[in-house]
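So the structure is just underneath, and the comments pick up after that.
Laboratory data are not the source of any read-out in this text; all were calculated from the coordinates shown. If you're wondering where the values come from, they're calculated on a predicted model, not measured in any experiment. Ideal geometry is used to build each Cβ from the backbone, glycine not excepted, and the neighbour counts take in all protein chains shown.
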Amino acid sequence: MYPEVVTLGETMVVFEADLDGPLRYVNKFYKRHGGAESNVAIGVTRLGHTAGWISRVGDDELGKYLVSSIRGEGVDTTYVTYDNNYPTSIYLKERLREGSTQVYYYRKGSAASQLNYLDFNWDYIKNAKIIHLTGITPLLSESCLEATRQVAKFAKENDITLSFDPNLRFKLISENPDAKDILLELVSQADVFMPGLDEAEYLFGTSDYEEIAYRFHQNGGSKICIKNGSVGTYYSTKDGESGFLPSYKVDRVIDPVGAGDGFAAGILSGLLEKKELSECVKLGATVGAMVVTVKGDIEGLPCKKDIETFHDAEKDVLR
């Protein structure tokens, strides 16, 4: 059985400090995993759909941990390759205070940066309903860039919905003078585009929702959702549907990392269920709001029953 959503890219082992404050004062860490693409895949499976994740990890204990954990979440990891020559990447998560998180990446020369499209099983990818890419993968290396280009091209040739979240990493952008052009190339091929407002402004040079959406649709893009943090999400389709959904109120933001991935998982799940874009945005916003209330990239990703409980609780508050 082929998964409905296929995604590819880097996942890292996360070492999260057990105390607030600068890392130099921290002696203990919690081991978790985090990666935009695998986070989305896990979010999709929790919402009742199927997803596959393609990547490379080191043939080391940390790589085995990643594959075992992600497979345990219900994601198909059949086409994750173990690499004997390059290690699994890691990042450290520092929480300076509640709701304020800093991350430090150690990914240079990682196994994931050796991702190569020549290794892909194209029949596996061809049977997906949605292919999800982020702007992280193409900036990791030349082979990763070519892999994302080939997958995007393949999606268009085979009429597979291509979803793109720029997920900007400014450290990677600063190391690549062609970063904006690379990302805009992928935007021009995307059917579904989910930037943050700051990301869209970086790419298009404007913070005007309607102008951003117009320029995306002019390139043939079908659906766009522009996230603006705690303010809300503007959405638009090439067929003329548009609107703005205010963000759900969250009393305490425990950990903001992973909210965008949760949003993407909600959008893709809604599209698989053939919902109107407005309903997809409502689902994505709900998932994103729930993610930030729990520590970790994936720990707060909800199942469908959790979604219902969340909205029931909202009703209770309004009574």
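Comparing TYR91, TYR234, TYR106 in a Gaussian network model of the chain where C-alpha atoms under 10 Å apart are linked, the largest mean-square fluctuation is found at TYR106.
Could you tell me the distance between the Cα centroids of segment 26-71 and segment 201-251, to the nearest Å? Using only Cα atoms to place each centre, the spacing works out to 29 Å. Here the Gaussian network model covers the chain, with springs between Cα atoms less than 10 Å apart; of VAL57, VAL250, VAL291, VAL250 fluctuates the most. Build a GNM of the chain with springs between Cα atoms under 10 Å apart, and of PRO22, PRO195, PRO166 the one that fluctuates most is PRO22.
Find out how many positive minus negative residues lie around SER55, taking Lys and Arg as positive, Asp and Glu as negative, among other residues whose Cβ is under 11 Å from that of SER55.
Values: positive: ARG56; negative: GLU10, GLU37, ASP83, ASP119.
Once all neighbours under 11 Å are counted, the net charge is -3.
List the DSSP H helices in the chain whose Cα atoms stretch 24 Å or more along the helix axis and whose mean Kyte-Doolittle hydropathy is at least 0.5. Before the final figure, lay out each step's value.
On the way: long enough: none.
Long hydrophobic helices here: none detected.
Beta-bridge orientation, segment 5-318: approximately 50 percent antiparallel, per DSSP, counting only bridges with both partners inside.
Could you work out [θ]222 nm for the chain from helices alone, using -39500 (n - 2.57) per DSSP H run of at least four and dividing by all its residues? Round to the nearest 500 deg cm²/dmol.
On the way: 11 runs with 122 residues, N = 319.
Theoretical 222 nm ellipticity from helices: -11500 deg cm²/dmol.
Only aspartates and glutamates eight or more places from LYS282 in sequence, or on another chain, were considered; those with a Cα closer than 15 Å are GLU241, ASP261, GLU273, ASP306, GLU308, ASP312, GLU314. Here the residues GLU61, GLU16, GLU273, ranked from fewest to most Cβ neighbours within 10 Å of their Cβ, fall in the order GLU61, GLU273, GLU16.
What does the convex hull of the alpha-carbon atoms of the chain project to on average, in nm²?
Values: hull surface 64.1 nm².
Across all orientations, the chain yields a mean hull projection of 16.0 nm².
Take every Cα pair under 8 Å whose residues are at least 6 apart in sequence, average their separation, divide by the length of the chain, and the relative contact order is 16 percent.
Positive end of the dipole of the chain (Cβ unit charges, origin at the Cα centre): among ALA155, TYR30, PRO166, the Cα lying farthest that way belongs to TYR30. Charge tally for LEU271 (other residues, Cβ to Cβ under 9 Å; Lys, Arg +1; Asp, Glu -1): +3.
Report the local net charge at LEU8: Lys and Arg +1, Asp and Glu -1, summed over other residues whose C-beta lies under 11 Å from its C-beta. If you can, show how the numbers build up before the last one.
Details: positive: ARG56; negative: GLU10, GLU37, ASP119.
That sum, taken over residues with Cβ under 11 Å, equals -2.
In terms of distances greater than 23 angstrom between alpha carbons, the cross-link table entries LYS108/LYS227; LYS238/LYS275; LYS126/LYS238; LYS126/LYS171; LYS31/LYS295 yield LYS108/LYS227; LYS126/LYS238; LYS126/LYS171. Under a straight-distance cross-link criterion of Cα-Cα below 13 Å, which aspartates and glutamates are reachable from LYS64, leaving out those fewer than 8 residues away in the same chain? Partners found: ASP83.
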